[in-house]
């Protein structure tokens, strides 16, 4: 557990997170913990219908309730629309003409207490004309189906058709061709902290916004446009954030508009906190998808071609579905060599709450399908699951070389082979094949998988990621960042990078978190970009500050700057370490001796493989990431064959190539968590059950989230590949395990029972009927 | 009268309070809104997530599912009362040192459940540790390091490390 | 949000009963509140008057003597039942049942009386107490009555409590010799409400090992805890073996009218009744033989 990597002073070693102490003592303030003088409480009025025209909103009774200070409806926003990109601006702060999903917001109230705000909402009278709706892609695609958006015929939100190589020819030449259909469920992000915001106007044109947002950039830009303010007047101050996993806290939601509008109307701070019911019924969730995958292989199990068709339920608004559908396809050509690839994607509007990004975004769906199908293929060919993966795995490119896929994804480092080998060894793979276990009504099986995930996502030209390192006159150091640590530990690694570069300790870096009045603003925690980009920005900023100090040191020592070294807070001449001075002394000299410098280092992120172009989402060509992590996983399950209950055992190993583990324990925690909470949970536990747009399990008892008793004590093995495009060789960490866990678990269930569960989650009843059908089939054969 | 304020006398983190509260006030509301102890979190409406866990007379309890008035005459400990001034409790230390904490939202509840466990049972089995935090949902961390940290803390508290 | 109510915190049983008599019909009792507060927070339950009996210390006890059997005060918390050495020794099944009831936090505050009066057919204590042939003491100002545990549940979330009555004690008779009891429920995660559950008590005749008495009570299979009487009839008077227990499970599965929800269809629950009646009965039989 106490492994260290590389030959560094700070990074590559276990380090306590810079925010851990604040969190473990309860001092850390999250959005809902913030209280301001004169504060009002907000509450949202929501539609009971999944699809309805709004005929009239009467707020008069609510306005008369004592204690109500202001009410806002969609009309207040003057037709403002927003979306994830300019082309997809189809959503309003509050619905004005019609509602498109159940509990969509139509108004909000600010009052002197939570109770009065809630009562006021009940007094708002809304007249609706219910409309027929569509509740899954298959209804949505029907001829003459009701339209979710009148200007979007056929309810098509996103449609892609990509073709690389010649799949038909490849299929014709294949020894074996298989086609299978898989299904992934509608899944909650799962954060325990619900969206919350507090907003106020210190001046008529100055807005302060403090919300549980993983990406402060969205409110910063969108609210500026919404309220017609220069960016410099929108002050976004990040509190601590209780995780995000890619959406709603990443993107805008009703409370983010309501709080500023109500604060504007009342002249007082307004605070709005969602309940877990709000979250489970309306917050963005993972797309449910229906995936058809057809793969052709040679007799030796070498992949020749894959055709992938993905049909997705995008819900009521576009959000980031264009990106989702791109991600489903883009990395199909990783982690195994795939010379021919065809992809058809269809994302539909439905009258369900919107689907959007979630940890493992996009890739999780197709990797699940592909890696389970790979086991099916292995079985048909009589090949071992580990063996077939090794035969197809992409080799780690030699230093200076880059592997290019048929869809022009560029990979400089790929440790998947080493990952697979390490996991196979750790689980005694060869031996376990001979020891199939069953104990009474419990059957055991082990499954294997491999996956990739893109990191350092760059979505458009402006993905500004910058940092400032300020050295105070007494030698203390500030690191100003625009990046948001939503729990993944980015604050810590960025501070560690700065400390490494400057030659000081982690404890010497004081982080100044996002406050857009003073810090750079960064796009946010999504696409596993923070360590790669913010880390690089921190590195560059620290190097800039270091250069300025080293110049002064060089003068002091009468040497060239190249001869100066700073390590462990000591500044010395490399060739003669006797000539040295402590860090504080150098800083004091720099600042106080005429002419006196102000040491501020600035840096921004520049790296990326395809700097000249960005991925073309509709053609499926190019890099969306800067680099790609690789994962291999083995999971053992225990299946109660009488009930269908599946449980992971502690025999769980994950090998992860994140390039270079800057903070090894943090990588482990992230990988363990990604595997269990987003991966295993998708395979075994979680699914929103919907009926005509209504969520049937909108609470944490009926919507099952994974818990401690059932948690496998997964072992994480590090594979180091030192990627040239990440700070100190780092790539993303752990979204890969969100993608590797589901196929590993499903393959394990097959190993234990001989049954393939192709639609997730493998909840007990589903497994039970599958086992029963298998038993009856066997009996019929006799 | 329905919204009449009722007297409440309790000790929170060693400090005695004499308050007047509405009967329907939940203990978590009292702690967060009245006493400004925001370390205890609200994560759900269904007594499911455990983010609101505190200790009442040494026992782990969900403060969202206890009327404040029911804590009358009792000793309540919240996350703010666990450390000894600047000195972290061994459970807190272990969680920090071993990287168990991610977003931190479930952490106060985890600490309170762990503390109640170790105060009563200084030598728990792994199964008992899992049971102790079964009522504390985390979304990030996978529980692995929480379990390990609690075991390490237990050993330390027994005089091990 | 919870709606306001007028609040009383009686310290004695008499005080509580007087309040009930005064406000009967308009008052609700809260004990640990672990079920009640969830419902109130969802806005599904409002009340003019709330009588908080959590502070009635006199109803927090666990007593046992071989003559009278086990007596549990209605305000005993689940955790106390789980940990009680007396119960672990003489009525182990109760401790085992409590160990899987929700999570520790709930068990530290919720009371057995509160659980029983909530009347959820998915609840664990009721079927176990039915299998143990338990009785309940209900008190009102001026009197009390004893009712069979089996008679207590009327319908989904409805129990046989008059508006001015309060549950004060759970009485479990001493187990006959050569009796074994077990409770098994289908959980995905430890602490879940059972998708279905089966509590079985088997008493064997010491002479010939024939099943002298059997009680099978099921949770989450109907709108109340359900006794599978037909299944019981199959086993009485016979020397029990695996195939008989399997048959009992099959018969029980036809006696139930299970709910349909996100955790399982009626069909699946029926199948699971087969499994869990068999499992609980197998364990009960083993214990009866060992007793």
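The values are calculated or read from the model by the stated rules, or taken from the named source; none is laboratory data. If you're wondering where the values come from, they're calculated on a predicted model, not measured in any experiment. As a convention, Cβ positions derive from the backbone with ideal geometry for all residues, glycine included, and neighbour counts pool all protein chains shown.
Numbers below:
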quantity: Answer from A:221, A:225 - the residue that is modelled with pLDDT under 95, in a helix (DSSP H, G or I) and more than 24 Å from residue B:140 (Cβ to Cβ); calculated: A:221
quantity: Tally of residues being part of a strand (DSSP E or B), within 14 Å of chain A (Cβ to nearest Cβ) and in contact with a helix residue (DSSP H, G or I) (Cβ under 7 Å, 6 or more places away or on another chain) across the range B:54-93; calculated: 4
quantity: Wholly enclosed strands (runs of 3 or more DSSP E) of the range A:420-528 bearing at least 3 residues within 30 Å of residue A:389 (Cα to Cα) and modelled with pLDDT of 95 or more; calculated: A:442-455
quantity: Number of the condition not met by residue A:36 [criteria: (1) away from every other protein chain (no Cβ under 14 Å); (2) farther than 30 Å from residue B:100 by Cα]; calculated: (1)
quantity: Qualifying residue in the range A:106-123 (condition: more than 17 Å from residue A:254 (Cα to Cα) and more than 14 Å from every other protein chain (Cβ to nearest Cβ)); calculated: yes
quantity: Residues of the range B:115-128 that turn out to be within 11 Å of another protein chain (Cβ to nearest Cβ) and under 18 Å from residue B:93 (Cα atoms), as a count; calculated: 2
quantity: When residues of the range B:21-53 are limited to those that are more than 8 Å from chain A (Cβ to nearest Cβ), under 12 Å from the mean Cα position of the chain (by Cα) and in a loop (DSSP other than H, G, I, E, B), the one surrounded by the most Cβ atoms within 10 Å (Cβ to Cβ); calculated: B:50
quantity: Selection status of residue B:96, free of Cβ contacts under 8 Å to residues at least 12 places away in the same chain, touching a helix residue (DSSP H, G or I) at 6+ places or on another chain (Cβ under 8 Å), outside any loop (DSSP other than H, G, I, E, B) and farther than 30 Å from residue C:8 by Cβ; calculated: yes
quantity: Complete set of residues in the range A:325-365 that are modelled with pLDDT of 95 or more and closer than 29 Å to residue A:49 by Cβ; calculated: A:325, A:346, A:347, A:348, A:349, A:350, A:351, A:352, A:353, A:354, A:355
quantity: Elements of type strands (runs of 3 or more DSSP E) in the range C:11-72, at least 1 residues being farther than 30 Å from residue C:90 by Cβ and within 11 Å of chain B (Cβ to nearest Cβ); calculated: C:27-30, C:49-52
quantity: Verdict on residue A:83 being surrounded by 16 or more Cβ atoms within 10 Å (Cβ to Cβ), in contact with a strand residue (DSSP E or B) (Cβ under 8 Å, 6 or more places away or on another chain) and modelled with pLDDT under 95; calculated: yes
quantity: Selected residue (only one of A:772, A:715, A:766, A:758 is within 14 Å of chain B (Cβ to nearest Cβ), surrounded by fewer than 24 Cβ atoms within 10 Å (Cβ to Cβ) and either closer than 22 Å to residue A:672 by Cα or modelled with pLDDT of 95 or more (or both)); calculated: A:715
quantity: Odd one out for residue A:89 among (1) on the phi < 0 side of the Ramachandran plot; (2) touching a strand residue (DSSP E or B) at 6+ places or on another chain (Cβ under 6 Å); (3) modelled with pLDDT of 95 or more; calculated: (3)
quantity: Members of the range A:550-576 that are in contact with a strand residue (DSSP E or B) (Cβ under 8 Å, 6 or more places away or on another chain) and either without any contact (Cβ under 8 Å) to a residue 60 or more places away in the chain or not assigned by TED's automatic domain parsing to the domain that holds residue A:500 (or both); calculated: A:550, A:553, A:554, A:556, A:557, A:559, A:563, A:564, A:572, A:573, A:574
quantity: In the range B:104-126, the residues that are in contact with a strand residue (DSSP E or B) (Cβ under 8 Å, 6 or more places away or on another chain) and part of a loop (DSSP other than H, G, I, E, B); calculated: B:104, B:105
quantity: Test: residue in the range A:178-192 that is more than 14 Å from chain B (Cβ to nearest Cβ), part of a strand (DSSP E or B) and within 18 Å of residue A:354 (Cβ to Cβ); calculated: yes
quantity: Search result, residues across the range A:121-133 that are touching a strand residue (DSSP E or B) at 6+ places or on another chain (Cβ under 8 Å) and either free of Cβ contacts under 8 Å to residues at least 12 places away in the same chain or crowded, with 17+ Cβ neighbours inside 10 Å (or both); calculated: A:121, A:124, A:126, A:128, A:131
quantity: The listed residue being more than 21 Å from residue C:76 (Cβ to Cβ), touching a helix residue (DSSP H, G or I) at 6+ places or on another chain (Cβ under 7 Å) and within 14 Å of another protein chain (Cβ to nearest Cβ), out of C:204, C:186; calculated: C:186
quantity: Scan of the range B:129-141 for residues that are at the interface with another protein chain (Cβ under 7 Å from one of its Cβ atoms), part of a helix (DSSP H, G or I) and buried (at least 24 other Cβ atoms within 10 Å of the Cβ), ordered by number; calculated: B:132
quantity: Filtered residues of the range A:706-732 (kept if closer than 27 Å to residue A:529 by Cα and free of Cβ contacts under 8 Å to residues at least 60 places away in the same chain); calculated: A:706
quantity: Residue match in the range A:677-695 (condition: more than 30 Å from residue A:104 (Cβ to Cβ) and part of a strand (DSSP E or B)); calculated: no
quantity: Meets criteria (more than 9 Å from chain B (Cβ to nearest Cβ), touching a strand residue (DSSP E or B) at 6+ places or on another chain (Cβ under 7 Å), more than 30 Å from residue A:13 (Cβ to Cβ) and in contact (Cβ under 8 Å) with a residue 60 or more places away in the chain) for residue A:703; calculated: yes
